[in-house]
Amino acid sequence: MNNQKKILITGASGQLGQEFVSYLKQTTFQVKALTRLEADISHSLGLADLKAEILLFKPDFLINCAAYTSVDMAEDKGVIAERVNSDALSAIAVMAQELDFKILHFSTDYVFDGSGDEPWTEEDEPFPINIYGLTKREGELILLESGLALVLRVSGLYSEFGSNFPKTINRLLGERDELNIVDDQFSSPTWAKPLVEFVVTKLICNFELFNGSLYHYSEDGECSWYDVAAIINEKHKKRLNAVSSNEFLQVAKRPAYSKLDNTLARKNLGLKPNTWQENLKEFLKIIQ
Ligand SMILES: NC(=O)c1ccc[n+]([C@@H]2O[C@H](COP(=O)([O-])OP(=O)(O)OC[C@H]3O[C@@H](n4cnc5c(N)ncnc54)[C@H](OP(=O)(O)O)[C@@H]3O)[C@@H](O)[C@H]2O)c1
């Protein structure tokens, strides 16, 4: 690996962005991390700021961790979600062509409609059922067509940085005597730490991958949110009630079954994931 390469990170204050910044500090890559304050990709002035930073830093890779990720709010704020998750990627792809860098981008299991009960492969046709998923699908198409990007779809990200389902449930179980958790939406959670380690050690600097490739990155096994909460509750021993998603008033529809099949990443990228239970238990040791 040529670790003199330069990596620019957008969305550096998000959970994945912070995980990259933290991991890359231990390497000799040259890193520039930009938050929304430094480059707001939802409008042309912010994109001009991003271009100015790129001209100065001259990255080999741009890791895009910036996204409009609020699934429920996106139903009302579709215009801004589209600008960040889709339109901005057209502008970034043009910059990549002009200024000669590659793009690593993250998409989501929410591009699928959630039908069926077989893990979704890269060959399966996406059919988003909410605005967030729709804008993420538009964004991944733009980058795949650019031929300059590698797109990884992930599901249920969590990290010690930022807020996420395991951290929230761990806090609530510490505060309350009982919790209701949805048990009819199936996928698998993804710990950002091993994801980032995999990306940096196996993918970055593999220039031939950045040609419009799409891969599913997922941990082994599948589960409902209730199953995830049940592992977190092993320490708290509170009352956990399994409830149907109809009992939760969520603005956006969620796919019922969105487990991502990782067979292709295993075969072509050398992915050897832990089970989601192993990773979650390791994560809980860090945050508890
Ligand atoms: N979280 C999940 O469960 C999940 C699941 C599947 C896929 N993904 C994908 O994984 C990637 C990383 O997600 P994450 O969980 O790390 O998200 P996150 O914690 O919400 O972070 C998103 C980052 O994007 C930044 N951002 C938002 N609007 C921006 C704008 N207009 N200009 C520049 N930056 C902007 C945010 O900045 P501010 O904090 O300042 O707003 C934040 O730093 C995203 O592509 C997401 O779609 C996430």
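Things worth noting here:
- Among the trypsin sites (Lys or Arg not before Pro) found in the stretch 153-232, those both in a DSSP coil and sparsely packed, with 15 or fewer other Cβ atoms within 10 Å of their Cβ, are Arg176.
- On Cα atoms only, tilt of 88-99 relative to the major axis of the chain in degrees: 30
- Rel. contact order, % - alpha carbon contacts under 8 angstrom, at least six apart, the chain: 20
- Rough spin-label spacing in nm, given labels placed 7 Å along Cα→Cβ, for Arg36 and Glu98: 2.5
- The angle between the Cα long axis of helix 225-236 and the longest principal axis of the Cα atoms of the chain comes to about 70 degrees, rounded to the nearest 10.
- Reachable lysines, given that their alpha-carbon falls under 29 Å from the alpha-carbon of Lys235 and they are not under 8 places away in the same chain: Lys167, Lys193, Lys259, Lys272, Lys281, Lys285
- Within a Gaussian network of the chain (alpha carbon springs, distance under 10 Å), most fluctuating of Gly133, Gly11, Gly174: Gly174
- Nearby lysines by direct alpha-carbon distance to Lys5 (threshold 18 angstrom, same-chain neighbours under 8 apart not counted): Lys25, Lys32, Lys58, Lys102, Lys202
- Residues Val31, Val251, sorted so that the one with the fewest Cβ neighbours within 10 Å comes first: Val251, Val31
- When you filter the trypsin sites (Lys or Arg not before Pro) in the stretch 237-274 for DSSP loop state and at most 10 other Cβ atoms inside 10 Å of their Cβ, you are left with Lys237.
- Under a Gaussian network description of the chain, with springs only between Cα atoms under 10 Å, the residue in Gly14, Gly156, Gly116 that fluctuates furthest is Gly116.
- Radius 14 Å from Cβ of Lys167, net charge of other residues (Lys, Arg +1; Asp, Glu -1): +1
- Principal axis dimensions, largest first and in whole angstrom, of the chain by Cα: 56, 38, 37
- Since only Thr108, Gln97, Val71 are under comparison, the one whose Cα sits farthest along the positive direction of the charge dipole of the stretch 67-115, derived from C-beta charges on Lys, Arg, Asp and Glu, is Gln97.
- Between Glu282 and Lys77, full extension at 0.36 nm per residue minus the direct alpha carbon distance yields a gain of 70.2 nm.
- Rel. contact order, % - alpha carbon contacts under 8 angstrom, at least six apart, the stretch 136-288: 34
- Highest-MSF residue in the chain out of Gln15, Gln26, Gln185 [GNM, Cα springs under 10 Å]: Gln26
- For the stretch 157-288: Kirkwood Rh in Å [reciprocal of mean 1/r, alpha carbons]: 16.2
- Modelled this way, with points 7 Å down the Cα-to-C-beta line, the labels at Phe165 and Arg239 are 2.4 nm from one another.
- With bins 5 Å wide beginning at 0, the percent of Cα pairs of the stretch 123-227 falling in each bin runs 2, 10, 15, 19, 20, 16, 9, 5, 3, 1, 0.
- Rough spin-label spacing in nm, given labels placed 7 Å along Cα→Cβ, for Phe127 and Glu178: 3.8
- The chain: angle of helix 276-287 to the longest principal axis, Cα-based, in degrees nearest 10: 90
- Only DSSP H runs of four or more residues enter the estimate; each adds -39500 (n - 2.57), and after division by the residues of the chain the mean residue ellipticity at 222 nm equals -11000 deg cm²/dmol.
No value in this document is a laboratory result; all are computed from the given coordinates. A quick note: this is a predicted structure, and the numbers were derived from the prediction, not measured. So basically every Cβ, Gly included, is an ideal-geometry build from the backbone, and we count neighbours across all protein chains shown.
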